[in-house]
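What follows draws every value from the coordinates through simple rules; no lab data is involved. Everything numeric in this text was worked out from a predicted model, so none of it was measured. Methodologically, a virtual Cβ is constructed for each residue, glycine included, from the backbone with ideal geometry; neighbour enumeration extends over all protein chains shown.
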Amino acid sequence: MLDAGQLTNAKRHLAQMSPDLRARQFNAAGLLSLLEGNLASATSLLRRAAGEPFGPATLAIQKNLYWLAYRDPENADDNVRIDSAWSAVMSAFERSHDGGMESKDVSMFDVGIQRRICNHAMYDRNRHAAMWEGVSEAERWRMQYLELVKKAVTNYLHRDLTEEFRDSSEAASTACSEDPEGCESDWQIGQGAGRVDGPYAQKRLGGLVHIELLLQDVLDSEVEGDVIEVGCFMGGTAVLMRAVLEQKSGAQRRLLVADSFEGIPAPRTARGLRVDGPGVAHGTADWPERYSAGQARVRSTFRRYGLWDERVVLIPGFFNISLPSYFDGAPLGSLALIHIDADAYESVLDALDTLYPRLSPGGHVIIDDFHLPAVRTAVHEYRDAQGVSETEEPLLLVRSHVENKATRLWPEWCAQAPPARGGT
């Protein structure tokens, strides 16, 4: 604690700083508090930073406030504050972009796994002529193979890469007609299939890279156990997970794929009905056929990629029944990575109840749908009940908000990513 004299000197020192430097100081302190899980301190510091005049640090500050809105349990059952924080990010982005102002400060998206997602070597923006120097032939083939799989499950290989530009304005459409090659969308974190009628993943590329990096981490660290995806729909994301396991260090691991294969179930309890809301309970939510796909369609997806074998195990049924039954007697430490893409309150809780106690030390849990209030509520309730404390929420980098403007937003969103250095 500072005494009165030290506090006076500190205030005088802050008053003498330029507004930009003050904003950066408060942002840095707020980010550290956010990383430590001290949300009250982070809120105070980041709001103080945001109160400074608009400058090069503003975009990073708003990104941190956006992350903070997701972290705060008070926002678990409502997206209003989160949407407001997102609007502030977009406003800062557009103002910075229109004014030619480069973001020069650090945000949550420039540290930890978020930074690794932004810096992934295979994005068009990050590729350069010397990128393979010092990389073994085996590693190069592994990276290129996985990139091809990701381009397939996001339908990047076959869809019209000029479509988003053609739809933006008449002038852009004309320009693209004259120079289609110049209008092709880059391979970047916002790429995604955007359709539910084929063997594709429902995630954008940033989410797939997130899973790839964490799965590679458990392989490199020799974390014991199998890998499980809870909620697979057509199986596109699970295909990428199985592809990562193709390497030698993953050869003895199974990919467990749990799903009702009948769609997202209606809530069983009054609590589930209240948290999920009537759209989930009565089938009016904006979910195509409640994401229902049978086992045959999932097996077909794996066969298309040449990855259906005895190491892929389907676990059918609603999670409150199928998971306890399958894992009955399974030892602790039987899972290295858990990916939960279950959309609904009870489904997420059911998965965590059975699977989290079986996670090996050093393993990872990825919650795909943290943008949904019901899912956030389930995660917060489970943590509170079990005393689970983490410094970062299991939140995917790219979900609903970023993806619509990802092509133009991505370089600023990944502000610290290295610039491109020429073609490959």
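What to note about this one:
- Rg/Rh for region 185-342, where both radii come from Cα atoms and Rh is the Kirkwood radius: 0.97
- Efficiency of FRET between Arg127 and Lys248 - r from beta-carbon atoms, R0 41 angstrom, step 0.05: 0.95
- Per the Debye calculation on region 4-110 with a single equal scatterer at every Cα and no solvent contribution, log₁₀ I(q)/I(0) for q = 0.12, 0.18, 0.22 Å⁻¹ amounts to -0.41, -0.85, -1.15.
- Centre-to-centre separation between the Cα atoms of region 310-326 and those of region 34-92: 39 Å.
- Label-to-label distance for Gln144 and Val313 is 3.5 nm, based on points extended 7 Å past Cα in the beta-carbon direction.
- Taking 0.36 nm per residue of separation and subtracting the current Cα-Cα distance, fully stretching the chain between Glu224 and His158 would add 20.0 nm.
- Computed from the Cβ-Cβ distance with R0 of 22 Å, the FRET efficiency linking Leu332 to Val388 stands at 0.90.
- For Phe109, neighbours were defined as the other residues whose beta-carbon sits under 9 Å from its Cβ, and their charges (Lys and Arg +1, Asp and Glu -1) total +1.
- Neighbour counts of C-beta atoms inside 10 Å place His210, His158, His120 in the sequence His158, His120, His210, starting with the fewest.
- Region 193-255, dipole about Cα centre (Lys/Arg Cβ +1, Asp/Glu Cβ -1), debye to the nearest 20: 280
- A Förster radius of 60 Å, combined with the Cβ-Cβ distance separating Ala296 from Ser18, puts the computed FRET efficiency at roughly 0.40.
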